[in-house]
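Here it is: the structure, laid out below.
Read-outs throughout are calculated quantities, based only on the coordinates presented, and are distinct from any laboratory measurement. Predicted model, so just to flag it, every value in this text is computed and none were measured. Here the Cβ positions follow ideal geometry from the backbone for every residue, glycine too, while neighbour counts run over all protein chains shown.
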Amino acid sequence: MKTSYNGKLARINLSTGEIKVEQLDMELATKFIGGRGLGTKILYDEGVATVDPLSADNKLVYITGPMTGTASPTSGRYMVVTKSPLTGMIASSNSGGVWGAKLKYAGWDALIVEGKASEWTYINVVDDKIELLSAKDYVGLMSEEADEKLKEAHPGCNVLNIGPAGEHQSLLAAIMNDKDRAAGRSGVGAVMGSKNLKAITVTATAKVIEPFDADKLKEATKACNAKIRENGVTGGGLPTYGTAVLVNIINNTGSFPTKNWQESYYDKADDISGETLKDTYLVKNAACHRCPIACGRVIKVGDKVVGGPEYEPLWAYGGNCGLHDLNAIDEANMWCNEYGLDAISTPCTIAAAMELYEKGYIKEDECDGIPLTWGSSEAIVEWTKRMGEGKLPLAKLMANGSYRLCEHYGHPEFSMSVKKQEMPAYDARGIQGIGITYATSNRGGCHVRGYLISPEVLGLPEQLDRTTTEGKAQWCKIFQDLTAVIDSMGLCLFSSFALGAPEYTALLNAGTGTNYTPEELLTVGERIYNIERLFNKAAGMKPEDDRLPKRLTEEPISDGPSKGQISQIHVTLPQYYEVRGWENAFPTKETLERLGLSE
Amino acid sequence: MIEVRLFATFREGREKIVYFEPTKAACPADVLDELGIPYEEVAICLINGFHSGLRDAIKDKDVLALFPPVGGG
C-alpha cells in the first residue's frame, strides 16, 4: 500500500556508534499521526520522562509528519521532541525551512538519537546511508558559518546544527536549520550539545513523496491552496508584513507586555512594527518548503542580508525591554540565530534582568561595562552575544533563562514564565483565553499550543470578546487539539488561519489512507495532548505547575486600553479541567480509557 | 477630536493618524466613508482598544484603530 509515511526510522546511538534501521509501527502512527504526537509517544514508552535531560539517557527525536515533503501546502515542518532541560517536561520544538522535507525525501520518517558521543560529532545522512563523522572542524563556529562549511563538505546537503549556545548547553539554546529557521524553544539545543552532536546534514536524491491517493491529495491541495490564497491573513497580511504586523494590533488592545510585563501598552510600538520593518530594512520575504504564504522576512543588518525578526523577538527585545530601536532588535535577533538561542526566551530573560537591575538586585559591577538599562540598544545586542558565549558569570546565569536568573536573586516572581519557560507576546490579563493556553501548555509558556489570539483578537474563525471568560476553556481545548494534529502532520500552524479540521482531514486521509472524520481527527489531537500530559506527570509535574506568574493574577494592568484588567485564570482553569476530563491537572481514568491511553 | 489610527495597507496613500471632528463622524463607518475605505476591507475595528462594530458610536477623545485582515503568531 502506498502511503506518505516512509515507514522507516533510524536509531542512532552516539555512545556506541550503532545505527539501527527500524520499521515504523503503523498502528502507533495511525493513533499518534507523526511529528509531535508520535515523537512524544515513542519517548513516553521508552521511559525518557524520568531521565536527566542533559545526560546520555535523554533521547532526541527528529521527526517528520506524514504530510512533510508532500505536495500539501506548508509541508516543510518537522519536530524535535525530547525531554526539556529548561522545563524538565516534554519539549517539542517545531521548525520550517526545507531540512525536514529533505529528511523525508532521504527515506526517513524520523531519527532517534541516543547516548553521548565521546568527541564532537555530526550525523551525515545521504539517502539510506547514515554515518557519524568528526565535527572538530565545526565546533565553536556560529550557526551560519558551520552551515556553509558543512555544505562545502557535502555539496547539495541541508544543514541542521547548534551554535555556540548549544555547545555550552545554555538552557535557552535552539536547534537551527537552513541558517535562520529554528526549533527554538525549551532548550532543545542544549540536549544536542550535551550529546556532543553539532549537526545533522541531509542529502536526498528523491524529490517527491508518493501518497496513498495522488488524485485525492492533488484535489485537497488545490482546495487548500485556494483557501490560503483567498484568506486575508494568509493571502495578504502575512506575506506583506510577516508576523510583525501583530505589534500594532496587540499594542492597540493594550495587551503588549512592556518592561517585563510591568506595563502593557508601548507608546513607541509603531517604530518596531511590521509596517516600519517593511518600510526600512526589509529586502524580501521568504518561504519554507511548499509554502504559499511566505511570511519569512529577509532583512539588512548593516551590510549583511539575514533572516529577520518575527513578531515575538520584535516585542521581546522591543516593548518588553522598553526599546524602540528597530535596527538594534534586528541585530540582536541575528545574534540569536548565529549563537543558536531561543529568540523569545533570550530577550525575555534580558527583560527580567533589566527589572532586577532597575530594582537594585543586579549590581552595576556584575554588568561588565554594559548596564542592563531599559531601552538600551547596546544592552540587548551585547547581552545576547554574552549569553551566546556563556562566559561572563551573569551571562552564564542568564543563558539558563529568567526563572533560574530571578530565583538566584531571590525574586522568582520577576520571571514571566510558566513551567520555567518564558511567556510570549500577549498579555493574558487583557486577553483572557490565551492565559489558559499559557497555564496548561505542556511545554511551558507558549502561544502556539492553542493560539486563542486568533478568535480573541483577529476575529478568526469568529470574533470573541477578549475580556470575558465564558466558553474560553472549550475554545482552548479545541485549538490545542487541532494544533496537536497540525504539528503531528508536518504542516505549519499558520495554515490554520485559512484551513480547519475538514481540510486537514482530507489531506491526511489522501496522504496516508486513513478514514478519519474531522471529529475523529480532533480526538487524535486530544490523545496527543493527553500523552504529553502523561509524559509530564511521569516527569514529576505537579498540579501547581499549571499556573500563571503572580503579576498576571495580582497586579492589574497599570495603564493603556486594558488598564485595570487582571487574569481570571482562577475561573477558567477549573472549567478547562472539566472540559478536558482532567482532575487536579491530570487525565482521569475514564478520559484515558476513552482516548485509548489506558495502561 | 477623534483620533483615527490606520495600519498595514490602510496607510498606503494616507497618513498613519488622522483626526476627525466628532460632528463629522458618529461611528467608524462614517470615518471609512471619509477615507474611502470599503467596509468589507476592515477586519479589526477597535474603539479605545476594544473590538467594535462599524455602526458603534464614537465620541470626542476616542481612539479608533482600523486594520485590514492581518495576523501572525
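Counting other Cβ atoms within 10 Å of each Cβ, which trypsin sites (Lys or Arg not before Pro) in segment A:368-432 have at most 15 and sit in a DSSP loop? Before the final figure, lay out the partial values.
Working: sites: A:Lys385, A:Arg386, A:Lys391, A:Lys396, A:Arg404, A:Lys419, A:Lys420, A:Arg429; in loops: A:Lys391, A:Lys419, A:Lys420, A:Arg429.
Within segment A:368-432, the qualifying trypsin sites (Lys or Arg not before Pro) (loop, at most 15 other Cβ atoms within 10 Å) are A:Lys391.
Sticking with this structure for a sec: How big is the dipole moment of segment B:2-67 about its Cα centre under a simple scheme where the beta carbon of each Lys and Arg is +1, that of each Asp and Glu is -1, and everything else is neutral? Debye, nearest 20, please.
On the way: 8 positive and 12 negative charges, 38 e Å.
Using Cβ point charges on Lys, Arg, Asp and Glu, segment B:2-67 gives about 180 debye.
Moving on to the next point. Would you mind pulling out the separation of the Cα centroids of segment A:526-599 and segment A:86-149, in Å?
Each part's Cα centre sits 33 Å from the other's.
Can you pull out the GluC sites (Glu not before Pro) in segment A:39-120 whose DSSP state is coil and whose Cβ has at most 14 other Cβ atoms within 10 Å? Kindly include the intermediate steps, with their values, before the conclusion.
Details: sites: A:Glu46, A:Glu114, A:Glu119; in loops: A:Glu46, A:Glu119.
Within segment A:39-120, the qualifying GluC sites (Glu not before Pro) (loop, at most 14 other Cβ atoms within 10 Å) are A:Glu46, A:Glu119.
Can you give me the distance in nm between label points at A:Ala206 and A:Lys8, each placed 7 Å from the Cα along the Cα-to-Cβ direction?
0.8 nm
Select from A:Ser496, A:Tyr403, A:Leu392 the residue farthest towards the positive end of the dipole of the protein assembly as shown; place +1 on Cβ of Lys and Arg, -1 on Cβ of Asp and Glu, and compute about the Cα centre.
The Cα lying farthest towards the positive end belongs to A:Ser496.
If you don't mind, there's one more thing I want to ask. Please work out whether segment A:362-458 counts as rounded, prolate or oblate from its C-alpha gyration tensor, where a ≥ b ≥ c are the square roots of the eigenvalues and a/c under 1.5 means rounded, while otherwise a/b larger than b/c means prolate and anything else oblate?
Note, shape of segment A:362-458 comes out prolate.
Percent relative contact order of segment A:8-203, based on C-alpha pairs within less than 8 angstrom and at least six residues apart?
Values: 504 pairs, mean separation 44.3, N = 196.
Reported as a whole number, the value is 23 percent.
For peptide B:59-71, what's the mean number of Cβ atoms from other chains within 10 Å of each residue's Cβ? If you can, show how the numbers build up before the last one.
Details: counts 0, 0, 0, 0, 2, 1, 6, 1, 8, 6, 12, 17, 23.
Averaged over the peptide's residues, the number is 6.
7 Å from Cα along Cα→Cβ at both A:Gln23 and A:Asp465: what's the point-to-point distance in nm?
Reported label-point gap for A:Gln23 and A:Asp465 is 5.7 nm.
Same structure again: Treating the beta-carbon of each Lys and Arg as +1 and of each Asp and Glu as -1, no other charges, what is the dipole magnitude of segment A:8-203 about its Cα centre, to the nearest 20 debye? Provide the component values of the computation, followed by the final result.
Values: 21 positive and 23 negative charges, 81 e Å.
Dipole magnitude for segment A:8-203 comes out near 380 debye.
Let me ask something additional. Give a residue-ordered list of calculated ³J(HN,Hα) values for segment A:503-516 (Karplus: 6.51 cos²θ - 1.76 cosθ + 1.60, θ = phi - 60°; whole Hz; x for Gly, Pro).
Those phi angles translate into 5, 5, 4, 4, 5, 5, 4, 5, x, 10, x, 6, 10, 5 Hz.
Further question: Please compute the average number of Cβ atoms from other chains found within 10 Å of each residue's Cβ in peptide B:37-44. Write out the running numbers ahead of the final one.
Numbers: counts 0, 0, 0, 1, 1, 0, 9, 7.
Mean number of neighbouring Cβ atoms from other chains: 2.
Right, here's the next one. Just want to confirm a number: the relative contact order over chain A, from Cα pairs under 8 angstrom separated by 6+ residues, in percent. List each step's numbers first, then the result.
Numbers: 1486 pairs, mean separation 98.2, N = 599.
Dividing the mean separation by the residue count of chain A yields 16 percent.
Continuing with this model, one more query. If I take R0 = 45 Å and measure r between the Cβ atoms of A:Glu131 and A:Lys304 in this structure, what FRET efficiency does the formula 1/(1 + (r/R0)^6) give, to the nearest 0.05?
Values: r = 33 Å, r/R0 = 0.74.
Calculated value: 0.85.
Sticking with this structure for a sec: Loop sites only, by DSSP: take the GluC sites (Glu not before Pro) in chain B that have at most 15 other C-beta atoms within 10 Å and name the longest stretch containing none of them. Intermediate values should be presented prior to the final figure.
Numbers: sites that count: B:Glu12, B:Glu15.
Counting at most 15 other Cβ atoms within 10 Å as exposed, the longest clean stretch of chain B is B:16-73.
Next question, about the same structure. With unit charges on the beta carbon (Lys/Arg positive, Asp/Glu negative), name the residue among A:Met354, A:Gly445, A:Leu592 whose Cα is farthest towards the positive pole of the charge dipole of chain A.
Farthest along the dipole direction, towards plus: A:Leu592.
Of A:Lys41/A:Lys83; A:Lys420/A:Lys477; B:Lys24/B:Lys61; A:Lys268/B:Lys16, which sit over 19 Å apart, Cα to Cα?
The pairs that break the limit, which is 19 Å between Cα atoms, are A:Lys420/A:Lys477.
Work out the length of the dipole vector of chain A about its Cα centre, built from +1 on the beta-carbon of each Lys and Arg and -1 on the beta-carbon of each Asp and Glu, and round it to the nearest 20 debye.
With Lys and Arg at +1 and Asp and Glu at -1, about 960 debye.
Starting from the exponent 0.38 and prefactor 2.2 Å, build the expected Rg for the protein assembly as shown from its residue count and divide its actual Cα Rg by it. Show your work: numbers first, answer last.
Numbers: Rg = 23.6 Å, N = 672, 2.2 N^0.38 = 26.1 Å.
Taking N as the residue count of the protein assembly as shown, the ratio is 0.90.
Right, something else. Taking a label point 7 Å from the Cα of B:Phe50 along the Cα→Cβ vector, which residues of segment A:461-491 have an amide N closer than 15 Å to it?
A:464-469
Here is a further query. Indicate the gyration tensor shape class of segment A:129-281 (rounded, prolate or oblate), computed on the Cα atoms with a ≥ b ≥ c the square roots of the eigenvalues: a/c under 1.5 is rounded; otherwise a/b larger than b/c is prolate and the rest oblate.
Details: a/c = 2.43, a/b = 1.21, b/c = 2.01.
Taking the square roots of the gyration eigenvalues as a ≥ b ≥ c, segment A:129-281 is oblate.
Counting other Cβ atoms within 10 Å, which trypsin sites (Lys or Arg not before Pro) in segment A:108-191 have at most 13 and lie in a DSSP loop?
A:Lys136
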